[in-house]
Amino acid sequence: MEGNRSKPLLRVPSPSLYDFTFQELTDWVVDQGQPPYRARQVFRSLYRNPPVRIPEMSDLPKEFRKLLSDSFPQEGPASVQTQRSSDGTVKHLSRLSDGQFLETVLIPSGTRQTCSEPSRRTVCVSTQVGCAYSCAFCASGQLGLKRDLTAGEIVQQILLVQRVTNVVFMGMGEPLANYENLLKAIRILNAPEGLKIGARRITISTVGLVPMIERLAKENLQVELSVSLHAPNDELRGKLMPVNRKYPLSELIPAAKAYSRATKRMITFEYILIDGVNDGEGEARQLRKLLQGLLCKVNLIPCHPTPGTPWKHPPLSRMISFEKLLRLKGIPCTLRRSRGLDIEGACGQLRLRYNQ
C-alpha cells in the first residue's frame, strides 16, 4: 500500500468471537460437534445491549462455554478515557490488546427522526491504527500507519458506545485500505441475529482509492459512499492529498459515477474549507463544473485546528458565499456545523497516540 508507514506494521491480535460473521460462527460450532443453533445463542449474547461475556452465557452448556473461553480471547478495545463535549459529542479513547490506541466518537442528534423512531445516534468508527495517506489537514496520518484493525476491533467500537442508529467509517485510517475487515464488520453489523443496523445507515468514507471504489460497487451493498475531495483540481488536491497523484480526479470522478449508477445511491463529497487555500470563488466554480450531472451532494466542512498544521477555517461570510455558488448551479450542499471541537473530536482531529 502506498502512503506513510513510519515503522513496520504491528502483529495483528488473535481472532476473537467478534471477528466471526454469523455464518462463520455457525460453521465453527458445527465443526465442534455442537448443534447449529448454538451459534445463534452465542451471537445474540455478543450483540445484546450490553454484551454478555462467555462465562455469563447461561443458556450454553458449561463444557461449551469452557471451549469458547479456551479458543477465543475476549480482550477488545478497553475504554481508558471518555471526553464529553459541550454540544453532546462523546469521544472514547480505547487501548487495544497490543497496547495501541484508537479513538471513537459518538454524535447524538438530540432530535427524533419520527414519532416512532429514537433520536439519531451516529458513531464515527476507526478502521486502522493511524493512517498511511498523510492528508495535510488531518491529524490521524501525521505519524503514519501502524496496523489495520480486525473486523472484531471495528465492531467492538460500536458496542462500546451502544444504542447506535447510524455508523460512519470516518475515524482514524482509510476504510477501503482495510477492505476485507471493513466488509466483514459491515456484514456483522447488518446481521439480523446481531445489531441489525441497515446498510443504508452505514457510510464509508474514502480518500479516493479508485480500484477499491470499483470493487465496492460490485458487492451488492446499499451502503453510502463519502469521498474526501477537498479541492476541485489536480494541482491543489495533490498538495492537500498525496493520494491524488496516484488516483487523479480524471479517474476518481468516473469511479464515483459508476458507484452511484451501480447502487442507485447518492455520493457525498466532503470538502474541508481552508482559509485562503481552497475557499475562493474560482474554486467554487471549478467544483460545480467538476460535479455537474453527478448524483451527489457536497458537505462543506470548516477546517478544524490540528497540531502541527497552519490551516484555519475561512470567515463565515466566505463559507456562505462558497455554498451559494454551488447551489446556483443545482449542486446540493450543506455547510456543516462542527461537533466536538472542544474535545478534539471533530473531522480531521482524531489522532494516533503512542502507549501512555
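The values are calculated or read from the model by the stated rules, or taken from the named source; none is laboratory data. Since this is a predicted model, take the numbers as computed values, not measurements. Here the Cβ is made from the backbone with ideal geometry for all residues, glycine too, and neighbour counts use every protein chain on show.
Would you pick out the residues in region 150-190 that are within 12 Å of the chain's Cα centre (by Cα) and either within 21 Å of CYS303 (Cα to Cα) or outside any helix (DSSP H, G or I) (or both)?
Residues satisfying the conditions are ASN166, VAL167, VAL168, PHE169, MET170, GLY171, MET172, GLY173, GLU174.
Specify which of the listed residues (LEU60, LEU106, LEU25) is within 25 Å of ALA191 (Cα to Cα) and in the same structural domain as CYS131 (by TED's automatic domain parsing).
Residue meeting the stated conditions: LEU106.
Please go through region 220-238 and give me each residue that is of a type outside the set (A, V, I, L, M) and at pLDDT 95 or above, ordered by number.
Going through region 220-238, the residues of a type outside the set (A, V, I, L, M) turn out to be 220, 222, 224, 226, 228, 230, 232-235, 237-238.
Passing the criteria: GLU224, SER226, SER228, HIS230, PRO232, ASN233, ASP234, GLU235, ARG237, GLY238.
If a residue has to be among the charged types (D, E, K, R) and part of a loop (DSSP other than H, G, I, E, B) to count, how many in region 225-280 make the cut?
Of region 225-280, the ones among the charged types (D, E, K, R) are 234-235, 237, 239, 245-246, 251, 257, 261, 264-265, 270, 275, 279.
After this cut, where a residue has to be part of a loop (DSSP other than H, G, I, E, B) as well, the list is 246, 264-265, 275, 279.
Selection size over region 225-280: 5.
Looking at (1) farther than 18 Å from ASN233 by Cβ; (2) in contact with a strand residue (DSSP E or B) (Cβ under 6 Å, 6 or more places away or on another chain); (3) in contact (Cβ under 8 Å) with a residue 60 or more places away in the chain, which is the one condition that is false for THR309?
(2)
Working only within region 201-222, note down all residues that are without any contact (Cβ under 8 Å) to a residue 40 or more places away in the chain and within 17 Å of the chain's Cα centre (by Cα). Let's see the steps before the verdict.
Let us first name the residues in region 201-222 that are without any contact (Cβ under 8 Å) to a residue 40 or more places away in the chain, namely 201-202, 204, 206, 209, 211-212, 215, 219-220.
ARG201, ILE202, ILE204, THR206, LEU209, MET212, listed by residue number.
From the list SER205, SER140, SER134, which one is over 22 Å from SER119 (Cβ atoms) and assigned to a strand (DSSP E or B)? Write out each step before concluding.
Working: SER140 fails: assigned to a strand (DSSP E or B); SER134 fails: assigned to a strand (DSSP E or B).
It is SER205.
Hey, among the residues in region 15-57 that are in contact (Cβ under 8 Å) with a residue 40 or more places away in the chain and among the aliphatic types (A, V, I, L, M), which one's farthest from GLY194 (Cα to Cα)?
LEU17
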